[in-house]
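Here's the structure, in C-alpha cells; my notes come after.
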Amino acid sequence: MLTLEDLFVVAVVWGTVIVLSWFLSSYLLGVFTGRKSRLDRILVPVENFIYLLAGIDSSKNMGWKEYFKTLLYLNAGEAILAFFILMFQQSLPLNPMHYSGMSWSLALNTVLSFSSNTNLQHYNGELTLSYLSQMSAIQFLQFTSAATGLAVGVAVIRGFAGKARTIGNFYYDYVRSLTRVLLPLAFIATIILIFMGVPQALSGYPTVSTLQKGATEILYKGPVASLVSIMQLGTNGGGYFGANSAYPLQNPSQLSDLFEIGMMMFIPTSLLFLFGRMVGDNREGRTLFLAAYAIYGIDLLIAFLSTTVIGRGLEVRIGGVASTLWTVTTTAFTTGSLNASLSGFNPVVILTAFFGMLIQAAPGGVGVGAMYLIMYVIVTIFLVGLMAGRTPEYLGVKIEGSDVKLAVAAFLTHPIIILVPTVVAFAIGAESTVGLAANATGFTRIFYEFTSAAANNGSDYLGAAGNTVFFNVATGIVMWVGRFLPILFMLAIADGVSTRKRSQKQGLKTGSISFVVILVFSIFILTVLTFFPFLVLGPVLQFLQGMKLSIGGVIFGL
Amino acid sequence: MKGFRNLSTAARLTLISVVICGLLFPIIMTGIGQVAAPWQSNGSQVYYDGKSIGSDLISQDFSAPVFFHPRNDSASGVDPDITLTYALSQVPRIHNATGIPESFLNATLEKYTQYTMFFFGTKYVNVLNVNLYLMESFPSIYAPYVQ
Amino acid sequence: MLYLASNSTVGKESRLNWPSILIDSLKRLNPYSLKSNMVMFVTEITFAIVLVMALDPTLIPIVSRAGERLFYSEVALILIITVWFSTLSDSIAEAQVHNTASSLRKMKEQMTAKRLKSSNRNNFDVVPSEQLRKGDIILIEHGDKVPIDSEVLEGIAMVDESLLTGESANVRKSVGSTLLGGSVVTTDSLVARVSVNPEETYVSKLINLVESSSRPKTPNEIALTILITGFTAIFTIIIVALLFLGVTLRLGIDLAVLIALYVCLLPTTIGALLPAIGISGINRMSVKRIIAKSGKAIEASGDTDALLLDKTGTITRGMRKAVKFVPLGNHTEREVGEAALLSSWDDDTPEGKSIVELAYNQGFVPQAFSSLDRSEFEEFSAATRRSSIKMSDTREFLLPKSGRGILQRKRLRRKYQPGEQQPDLEIVKGAPDAIIDYVKIKPANFDSVLEKISEDGATIMAVAEAGDVIGFIKLTDEVKPGVKEKIKALRDMDIEVVMVTGDQPLTAGVISKDVGIDDYIAKARPETKYEFVKEEQKHGKIVSMIGDGTNDAPALSAADVGLAMASGTEPAKEAANMVDLESNPSKIMDVVMLGKQILMTRGTVTTFSIANDIAKYFVIVPVMFAALPELGALNVLHLTPHVAVISALIYNALIIPVLIPLALRGTAFKPASTMTLFLKNVTIYGLGGIVLPFIAIKLIAILILIMGVKV
C-alpha cells in the first residue's frame, strides 16, 4: 500500500529536484555553448591558465575518435595516479592513522571503479584509506569521472542537437564541467552537509571513552562532507565509510538523507532538460525526462507497493520509506551509494534496483544517463518507427545502418559484460570464496555484483568480502568496458549525426506524449527480453521461494 | 608525435585536476568547515564534564541493564537510534534495574521522540540522548555505571 | 481495405507454378544458400543439433535424457519446418517476380514498327519494336508513334514531342533530325534509321534487373538486418549463459528445451519474411508497370516529403477542351461556334478536335460545311500562334482524305447534307493578341470580356471571321479522374504536393486550388524543376518527381525519386531511378504509397516478431528448470513442459506462413498522417504481438491435447 509518507517524500524530493534542475539546465546551456556569463571574469582566466599549463587548444573541434582518445588517455592517467596513491599511501603524507597500502588487485579494482564512475568498493574506507587517499584518489576520481560523464553527455547531446555541427572539444567540456558545474555545486553542497552534521576534518580518528564505564569508540572524522557532496552530485556513490550513507556521519538525519537523494538526481535530470534546450525544442527534452521519470516512478511504485522489511539492515532515523526511495533512486541514477543494507530489502525492491541498473537510463548517471536514453530512442525508433511508413528519423535526421549498428553494439555491451563474468564466476566456483552458495540468493548477489559493475552503479552485496583477486579483476574489467565502450559507440553516432542533413519535417513526433509511452514500453520490453531468465533465477525466484516460506500477501508483477 | 602530445596533455591535466579536486578543494572546505561549523565538522561530539563522550550520531556500547540499549544489527552497525517501540519494550527492564518509575521513563521517551519524516512516519529516539538525560536526572543511580 | 490494390492497372498475372515453387523452396534448405539469412541459418544449425540428440539421446547426458527421443524428434521436425516456411516465402516471392517480368516483356513487344525491306516505301514488314536492330530502316507515317530512337533519312514532318519534352508545339523534323522513341508523327511520313538496339534501351535493362536474383540490399534492409543480427546475438548470449548456469547451478535443464526457447526468441518471423517483403515490393511496382532501378528508390519514395507534379499530363489530361463559345459585340454564340467548327475542321490537335466536338454537341453546324474539301487550312504554328481556313466553294461535301479525326467526321457526314454555295470566306482562330495583330481591329469590349472569361484559369482563343473578331472559344484542361483523391491522400500523409506548369500564375492558381495542392510554380522554365529539387533538398526534404523530356534529366537525377515515362527520352530514363512503362505520370502518387507500404510492412513484421517474445518467455521459462518447481507460479498458461515447448515452437513456425500473404501484399493502410499510422500500427502489431501468442499458444496446446498427440 502506498502511504501518505511515501507520497509526501516523493512529492517533496521530486518537486524540488525537477524545479531546480530546470534552472540548472538553463545554466548548463550557457556553460556548454560558451555563452557569456558574469562568472567569466573570474573563471576565464582560471580556465585559460589550465589550458596553458596543459597545452590545450580548447577551441578545436574534435571528431569522435579524437574526443574518445583524449577522454580515454586522461581517465587512464588519472586512474594510474590514483593507483599509485592507493598502493603507496603508507609512504605518503596525510596518513595519521598509519594505514598500509592496498594490495595491487584491490587498488586496481578501486581505481577502475572510481574512474569509471562506478564506485564499487571492496574495502571499508574508514578502515583502509588515509586522508590523502580519500581526497586525492577517491574524491579526485569522483570529480574527474563525473566531469568526464558530463562532458560525454553534453557532447552526445550537442551532436544530436546538430546546431554546432560537431560534438565539440573534450578538454573544453571537461574543464568547464569542473570549474563551472561540479566544483561550484560541490562547494555549496559541502557547506550544507557540514551544517547538517557531516564532518570535515583532517585531525585523525580519536578514540573516545563513551558514556558507559569501560566502553570506547573510534570517531572517524575526516574530510567526509567534501567527498559526499561530489559522490552524490556526480552519481559516483562511493562513500567515505564502508557502510556508505547508512553510516550516520555520512548521513546524519532525515533532512540530510533527502538532500543527498536530491543531489544525485540533480545533474542527470537537468541534462534531460538540457537536451531539449540544445535541440531548440523543449518537447524533445520533455520526452527524455518523462520517459526516464516514468520508468523511475514505476520502479518506485513497485518497490513501495511491495512490503518493505523494516528493521534488520535499515537505519532507524531514515526509516523504510526513505530507504526504499534511496535504493530505487541510487540504482535508477546509477549512483550506487546506499543508506541501508541491500539484504534488508524484499526481493521485489531488489528487482526494481536491477531494473534501474539494467536500463541505466532511468534517468541514469551524470551525462551517460542521457546518452543511454538517446541510445534507447534510436533503437526504439528503428524498431517501431518503420511502421510509420517512413525511414525512421530522429530530430529530422534519418537513422542509418551505421547508427543502428553502433546503437545495437552499445546495447549489446551490457548483457555481454554482465552475463559472461556471472557465468564464469559460477563455473570456477568463485561464489564460495565470498561465502555464497550456488542458489537463488547466491545467484542474485553475484548477478547483482556484475550488473552493478557494468552499469557503473557501485551498490553491492559483497562489500569488503568481494576483495578477492577474481572479483577485483573481473569487476574491474567489467566496469571499464561498461563505461567506455558504450561511450565510444555513442560518441561515434553523435558525431555522425551532428553533420548530417536535417529535415524540418518530422513524421514521427518524438516530442509527443504518445511517443513517451511507446519509449517507456520499448525500454521495459528490451530489458525484459534481454534479462528475463536471469531475473527469474535471481530476485523473482527468491521472491517466490520467500512467498512459499509464508511472507505471502504480495502479488508479483504489480 | 601527435600521440605523444595527447599523452603529455593527459598527464598534465591529470596533475592539474588532482591539485584542484583532490587537494585544494577538500582542504579549503576543511578550513571553511572548521571555522564556520566546528562542532559538526568534528563529528558532532557530545561533551560531559568538558570531556568528549563520543558522537551524537554514533551508537555507543550500552550493555548495562540501567541503560536503553541500541540495536546490534544494523546496516551501519553504529545506528544511534532505536524505534520507539523497541525503546518502550526496554522500559520494564530499566525500571527493574533502577527503580525509576515507568511513567518517568515513558515521559522521557516521549520527550525525545523524533519522526522519520519530520512530523510523521515511524517514531524513534536517540539512545545516547535518552541515557544522558536519565543520567543527568538520576546521577546517583547512574554513577557506578559511567566513566 | 487494401488501398493500393484497388487501382492496379493490369489484369491478373499468370498463375504461380506451385510444383516448381515447392522444389525451389526445398533446394533453398541447403545451408549454403541460407548463408545470407542469418536467423534461418542459425535455426538450421539448431535443427542439426536436436536431430543428433534425437538419433542418440544419451550423447550429452548432462543436458539430455534417454527417454526423450520422441520429444527431440518432434522438436527437430518443427525446427526444419520453420526453416522451410521461410524458404517457401522466398520462393513464392521470386516466382511472382518472374511472372511479372515476363509479362513486362510481353507488354513491351506490343509496340510495332514498319521495317522497310527495300527503298520502296510500300515494301515493309510490321514487326514488334523489340525485334528492331540498330541500323534498320523504318517507315513512320502520319499518326504513327516513333517506335525507337532513330534518325531521319527522308522526308519532312511535324512531330508531337509534347509528352517527352513538354513542348506543346509540334516540332519540324527533316533529314538528319533525331526522332525520339515515343513521339508521334502528326503530318506526312518519314523514313528513319534506328540508332539504338532495343535491349540497350534503359527500360530493357531495367526489366532484366527486376528479374535478377542478386539484388543489393536497400539501406533499410541493411539497418534491419543489423538489428536482427543484434537480437540474434543477444539471444545467443542468453542461451549460452543459461546453458552454463543450468549446469553449474544444477537447475535441471534440457538442451532441446533451451534450443526451443532460443529459436522461439530469435526474430524468425521477420528473418523469414524480410527477403520476401523486399522482392514483393519490387513485384508490386512491376505489376503497376513501373520498374525501379533499385529497391532503394522504392524506399526513398516512401520517405517523400515533397512531390513535384507536372500540371500537364499528371494533374490534368494535358488536352485542353473547348467548353464555351463567347460572342463579342452583336454576334451570337451560334456564329462563334460555327466559325470555330469550320476553322478547326482540319485541326488535328486535341484542342481542335474538342472545338469540333463542342460545336457539334451544341448544334452549331454551319451551312458552309460542304465546302471544306476545297478549303485551304493553315496549321497552327508557334510563330503566328493562330490557325486559319480559307473556303472558296461550298457546293459539295467530300470526306477528308485521312487523319485521326476520320471516324468522328464520318459520323458527322451521315447526319448533315451539303448546303448551298457560299462566297469565299477566311476564318482565323488563335491566341487573342495574335488575332488582333492579324486583323488589326480590336472590338470595343474585347479586353473586358477576355478578362472576365479567363478569370477561372481557362485558356482563351479568339475567332475572327472575314477580318472581324466575332468572339472567343474558352478551353479548359480537364483534371484527370482520381487525381483529387490521390492528392488529398498524399496531403493527409504530410506530403507537400507542388505543381509545376508553364501556365500563367492565374491559371496555375486556379487548377492547384481546384485539386487541393499546397503550392505551385507557374511560368516554369526548363531549369525550374532542377532548382526546385535542389532548394527543397537544401531543407533536408526528400523530393520525388516525374519527368520525360531531356530537359528534365538534371532534375530527375537530382531528385531522390525520379520517375520517367517509358515514352520519354533515353537521357530522362537514364537519369530517373524508375520508369513507368505505361507512361502515366499520375502513377508517381501510387509509387509514394507503395514505398510507404513496403517500409510499413517491414516495420510491422519486425515489431510483431519481437513483441511475440514476451509470451514465449512466459510459456517456456517457467517449465525449463526441472529443479525449480517454484517457478510454476509464472506458468500463466498452465502448460506441462513438453506441451509448452512444442506449442510455442509450432506457433513460432506457423506464424510465418500465416504472415506470408501480409509480406507479399503489404500492410493495409488508409492514408493518414505519419503519427496516426504509426500509433495505429503500434497498437495492432505491437500490443497485438504481445497478446496474440498467449492466446494462440494456448489454443495450439489445447489442440495437441484434444488430438491426443504424444509429446
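Taken together, the values in this text are just the output of simple stated rules run on the coordinates, not laboratory data. Please read these numbers as outputs of a predicted model, since none were measured by experiment. Here Cβ is always computed from backbone atoms with ideal geometry, including for glycine, and neighbour counts include all displayed protein chains.
For the range C:189-266, the set of trypsin sites (Lys or Arg not before Pro) satisfying both a DSSP loop assignment and a count of at most 14 other C-beta atoms within 10 Å is given as C:ARG250. Ranking A:THR16, A:PHE354, A:HIS98 by how far each Cα lies toward the positive end of the dipole of chain A (charges on Cβ) leaves A:THR16 at the top. Helical content alone sets the calculated 222 nm signal of chain A at -20500 deg cm²/dmol, taking -39,500 (n - 2.57) per DSSP H segment of four or more residues and averaging over every residue. Considering only C:THR304, C:MET40, C:THR229, the residue lying farthest towards the positive end of the dipole of chain C is C:MET40, judged by Cα position with unit charges set on Cβ.
Relative to the longest principal axis of the Cα atoms of chain B, the long axis of helix B:84-98 lies at roughly 50 degrees.
Shielding of peptide C:675-683 by partners, expressed as the average count of other chain Cβ atoms within 10 Å per residue Cβ, is 6.
The calculated 222 nm mean residue ellipticity attributable to helices in chain C amounts to -15500 deg cm²/dmol, summing -39500 (n - 2.57) over DSSP H runs of n ≥ 4 and dividing by all residues.
Descending by average beta-carbon neighbour count within 10 Å, the peptides A:66-72, A:221-227 line up as A:221-227, A:66-72, the highest first. Using the Karplus relation 6.51 cos²θ - 1.76 cosθ + 1.60 with θ = phi - 60°, the per-residue 3J(HN,Hα) values for the range A:244-260 come to 6, 7, 7, 6, x, 6, 9, 8, x, 8, 4, 5, 5, 4, 5, 4, 5 Hz, with x marking Gly and Pro. Taking the Cα centre of chain A as reference, the dipole from Cβ charges on Lys and Arg (+1) and Asp and Glu (-1) amounts to some 1460 debye. As a test, work out the antiparallel percent of DSSP beta bridges whose residues both lie in chain C, rounded to the nearest 5. Antiparallel bridges make up about 75 percent of those DSSP assigns within chain C. Once you've got the Cα coordinates, tell me which of C:LYS296/C:LYS541; C:LYS114/C:LYS288; C:LYS217/C:LYS311 are over 27 Å apart. Correct reply: C:LYS114/C:LYS288; C:LYS217/C:LYS311.
Close amide H pairs (under 5 Å, H built 1.01 Å from N) link C:LYS324 with C:LYS474, residues at least 5 positions away or on another chain. Where both bridge residues fall in the protein assembly as shown, DSSP classifies roughly 80% of the beta bridges as antiparallel. Any idea which of A:TYR240, A:PHE88, A:ALA455 is furthest toward the positive side of the dipole for chain A, if Lys and Arg beta-carbons carry +1 and Asp and Glu beta-carbons -1? It is A:ALA455. Going through the range C:502-595, which trypsin sites (Lys or Arg not before Pro) have at most 14 other Cβ atoms within 10 Å and a DSSP loop state? Sparse-neighbourhood loop trypsin sites (Lys or Arg not before Pro): C:LYS523. The mean sequence distance of close C-alpha pairs (under 8 Å, at least 6 residues apart), as a share of the length of chain C, puts its relative contact order at 15 percent. Remark: chain C carries a charge dipole of roughly 1980 debye about the Cα centre, counting +1 on each Lys and Arg Cβ and -1 on each Asp and Glu Cβ.
Axis of helix C:38-55 versus longest Cα principal axis of chain C: the two differ by about 30°, to the nearest ten degrees. In a reduced charge model with +1 at each Lys and Arg Cβ and -1 at each Asp and Glu Cβ, the protein assembly as shown shows a dipole moment near 920 debye about its Cα centre. Taking GluC sites (Glu not before Pro) across the range C:447-505, the ones in a DSSP loop with at most 10 further Cβ atoms lying within 10 angstrom of their Cβ are C:GLU455. Across the alpha-carbon set of the range A:4-548, the Rg to Rh ratio works out to 0.95, Rh being the Kirkwood radius. Over the range B:49-145, Cα pairs under 8 Å with separation of 6+ residues give a relative contact order of 28 percent.
In chain C, the longest principal axis of the Cα atoms and the axis of helix C:202-211 are about 20 degrees apart.
Calculated FRET efficiency, A:LEU39 to C:ALA633, Cβ-Cβ distance, R0 = 45 Å: about 0.20 to the nearest 0.05.
Considering every alpha-carbon pair of the protein assembly as shown, the percent of pairs per 20 Å bin, from zero through the bin containing the longest distance, is 9, 29, 27, 18, 11, 5, 1, 0. If the chain linking A:ILE218 and A:PHE187 were pulled fully straight, counting 0.36 nm for each residue of separation and taking away their Cα-Cα distance, it would gain 8.4 nm. Of the peptides A:116-124, C:668-676, the ranking by mean beta-carbon count within 10 Å, highest at the top, reads A:116-124, C:668-676. Ignoring lysines fewer than eight residues from C:LYS442 along the same chain, the ones with Cα atoms less than 29 angstrom from its Cα are C:LYS321, C:LYS324, C:LYS353, C:LYS390, C:LYS429, C:LYS452, C:LYS474, C:LYS523.
Summarising the amide proton neighbourhood of B:SER55: residues at separation of 5 or more, or on other chains, whose placed amide H is nearer than 5 Å comprise B:VAL46. Excluding same-chain neighbours fewer than eight residues apart, the lysines reachable from C:LYS698 by a Cα-Cα span under 26 Å are C:LYS616, C:LYS710. The H on the amide N of C:LYS480, modeled in the peptide plane, is under 5 Å from the matching H of C:THR316, C:ARG317, each at least 5 residues off or on a different chain.
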